[in-house]
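Quick one: the structure is below, and I'll ask about it shortly.
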Amino acid sequence: SFTMLCRTVMTRAGRSVGRRAISCVEVIEVGPRDGLQNEKVSVPTDVKVALCMSLVDAGVRRIETTSYVSPKWVPQMSDNVNVMDALKDIPSGVEVSVLTPNLKGLENAKLSGRVDAVSVFGAASESFSQKNINCSIEESIGRFSAVAETALGDGLKVRGYVSCIAACPYEGPIDPKNVVKVWKLLKDLGCYEVSLGDTIGVATPNQISKVIEALVAEGADVNELAGHYHDTCGTALTNVLRSLDLGLSKFDSSAAGLGGCPYAAGASGNLATEDLVYLCDGLGIDTGIDFGKVVRASEATLDVIGIGNRSKSAQAWQAKKQT
């Protein structure tokens, strides 16, 4: 079959370069939140819910479903309460997370559906922080301290995001020391995991290496880090490979490569979940996700938005199915 042929080729290639023995990768599906938030076409609540449930059926075990932000700024997420209410019976083995930038958002999240973890964020760029949430890096983390403290007190896990780990649309290249600074601030809040975001998708493997190595040098545990790589310049998968070599085994991805960044002009979608699963399958690394099911999971959402699947491997698989 198409997938078996490519799996054989890539497994041999992986062995030839002596890749580090990582047997399992955790895929954190962010399509329903990070993937959809920047889409201009309003996606109906039932389609969002169906997307989440189809992804879970495909084997996804960690999913970020929505965000509790002002509908004025992110209208796509204005149905967060309805989405979460419809997902209240999601299987218990699935970790459900939501983005909660303030206490009001956290309280609303706790009232709707089942939430296991909340996400907060900080940028490694002062300019990006000002453009994104109109405050400095330290001020932004300070705002999240009450959210984190309350969430942890309520038994929820807190996950952190660092934006612009390699470059900023306003400042250009980012010093890895800035990433370390924000990571430390997020860890101090109690974040159990910190996701490293190449927000504008321009990072190369060498830049990713410098960031991860700088974090490890300051005491970071690679098991508590995740990669969040946008694919603007086509380097997301190569950055995953370099991260695997350095011991990372958790990666954010978005079904069909949906997404972008409303505060970073030109930034294209997230790493496609299909491409991440395809790569891992080929390297003999288990994700627990069925490739064909994850391709089909986003079909109704893509029809509403009026675009095709941005994943290269999904496009090849769909073309093969039509022949």
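Mind counting the residues in region 54-88 that are touching a helix residue (DSSP H, G or I) at 6+ places or on another chain (Cβ under 9 Å), open to solvent by 30 Å² or more (accessible area, probe 1.4 Å) and within 20 Å of residue 270 (Cβ to Cβ)?
Counting residues in region 54-88 that are touching a helix residue (DSSP H, G or I) at 6+ places or on another chain (Cβ under 9 Å), open to solvent by 30 Å² or more (accessible area, probe 1.4 Å) and within 20 Å of residue 270 (Cβ to Cβ) gives 2.
Among the residues of region 29-53, how many are among the acidic types (Asp, Glu), surrounded by fewer than 24 Cβ atoms within 10 Å (Cβ to Cβ) and not in a loop (DSSP other than H, G, I, E, B)?
The number of residues fulfilling the criteria is 1.
Looking only at region 203-231, how many residues end up being open to solvent by less than 50 Å² (accessible area, probe 1.4 Å) and either at positive phi or β-branched (Val, Ile, Thr) (or both)?
Result for region 203-231: 4.
Working carefully through the options 200, 137, 212, find the one that is of a type in the set (A, V, I, L, M), in contact (Cβ under 8 Å) with a residue 24 or more places away in the chain and farther than 20 Å from residue 227 by Cβ. Don't jump to the end; show me each part of the working.
Numbers: 200 fails: farther than 20 Å from residue 227 by Cβ; 212 fails: farther than 20 Å from residue 227 by Cβ.
From the options 200, 137, 212, the qualifying one is 137.
Go through region 58-79 and count every residue that is closer than 18 Å to residue 147 by Cα and at pLDDT 95 or above.
4
Output the residue which, of all residues in region 248-274 that are open to solvent by 10 Å² or more (accessible area, probe 1.4 Å) and modelled with pLDDT of 95 or more, is nearest to the chain's Cα centre (by Cα).
250
Determine which member of the set 110, 131 is at pLDDT 90 or above, among the basic types (Lys, Arg) and open to solvent by 10 Å² or more (accessible area, probe 1.4 Å). Give the derivation first.
Numbers: 131 fails: at pLDDT 90 or above.
Residue meeting the stated conditions: 110.
A quick yes/no check of all residues on (1) open to solvent by 50 Å² or more (accessible area, probe 1.4 Å); (2) more than 20 Å from residue 210 (Cβ to Cβ):
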site	(1), (2)
233	yes, no
241	no, no
284	yes, yes
314	no, yes
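Sort out which residues of region 286-305 are open to solvent by 60 Å² or more (accessible area, probe 1.4 Å) and in a loop (DSSP other than H, G, I, E, B), and write them in order of number.
290
Exactly one of (1) at pLDDT 90 or above; (2) in a helix (DSSP H, G or I); (3) farther than 16 Å from residue 64 by Cβ is unmet by residue 140. Its number?
The single condition residue 140 does not satisfy is (1).
The values are calculated or read from the model by the stated rules, or taken from the named source; none is laboratory data. Since we're looking at a predicted model, the values are computed, not measured. Every residue, glycine as well, gets a Cβ built from its backbone with ideal geometry; the counts of neighbours run over all protein chains shown. Calculation scope for accessible area: heavy atoms of the full protein, side chains included, ligands and nucleic acids excluded. Shrake-Rupley method; radii C 1.70, N 1.55, O 1.52, S 1.80 Å.
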